[in-house]
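Structure first, commentary second.
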Amino acid sequence: MKITICGSIAFFDEMTGVKKDLELLGHEVKLPPVEIPNEQGEMISIKEYYRQRKESKTEIGWIWDRKEWAIRTHFDKVAWADVVLILNYTKNDIENYIGGNTFLEMGVAFYLKKPIYLLNPIPETSIKEEVLGMKAIVINGDLSKIV
């Protein structure tokens, strides 16, 4: 099965581990990019880009150009996949966090009629009803439930 992993870049280390686990189960897996070009065109890690983006005080410039590119590129990966897996761990004291970008990716998957799997339960946030309406499948950490 072709699986695209979605989630906050804050969870990138976890994404790479889950990717390996899924590949051991025989799946083909795509992640967000590992690297991204900085303002000078030099490749930096996605985690370094994430750090710089979070510290940015500007609303224009290369950081947001790369963010646009990353959003569009990951939408393509969602379209490629048979299913999406949302890695929703605790972030910013929010249990089972699903951020704005991940929620957009879920919307694309939903529109394309692709199953949406959540690694952990649906967060108790303002998007809960929408996630329920998308019929997301909670697997409670059990990757073998992705079928």
| remark: Options (1) 15.1, 43; (2) 14.3, 44; (3) 14.8, 47 are given for Rg and Dmax of the Cα atoms in Å, and the computed one is (1)
| Dipole of the chain (Lys/Arg Cβ +1, Asp/Glu Cβ -1, origin at the Cα centre): which of ALA81, ILE122, THR58 lies farthest to the positive side? | ALA81
| field | Alpha carbon convex hull of the range 71-120, projected area averaged over orientations, nm² | value | 3.3 nm²
| said: So for each of 118-127, 100-109 I average, over its residues, the number of other beta carbons within 10 Å; can you give me the resulting order with the highest mean first? | reply: 100-109, 118-127
| 222 nm [θ] for the chain, helices only, -39500 (n - 2.57) per DSSP H run of 4+, per residue, to 500? | -12500 deg cm²/dmol
| message | Please give me the summed charge of the neighbours of ILE9: other residues whose Cβ is under 11 Å from its Cβ, Lys and Arg +1, Asp and Glu -1. | response | +3
| query | Quick one: Cα centre-to-centre distance for the range 11-87 and the range 107-137, in angstrom? | reply | 20 Å
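Where in the chain are the helices, taken as whole DSSP H runs, whose Cα atoms extend 15 angstrom or more along the long axis and whose Kyte-Doolittle mean reaches at least 0.5? Mind showing how you got there, number by number?
Values: long enough: 12-24 (18 Å, -0.49); 62-80 (27 Å, -0.80); 100-111 (16 Å, 0.62).
Answer set is 100-111.
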| note | If the label point sits 7 Å along Cα→Cβ of THR90, residues of the range 1-27 with amide N under 16 Å come out as 11
| task | Would you kindly calculate the mean projected area, averaged across all directions, of the convex hull enclosing the Cα atoms of the range 33-75, in square nanometres? | result | 2.9 nm²
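Quote the charge dipole size of the chain about the Cα centre in Debye, to the nearest 20; the model charges only the Cβ of Lys and Arg (+1) and of Asp and Glu (-1). Mind showing how you got there, number by number?
Working: 19 positive and 22 negative charges, 55 e Å.
I would put it at about 260 debye.
The numbers here are math on the coordinates, done by the rules we state, and not lab data. Computed from a prediction, not measured in an experiment: that's the story for all the values here. Because the Cβ atoms are built from the backbone with ideal geometry, glycine has one as well, and the counts that use them run over all protein chains shown.
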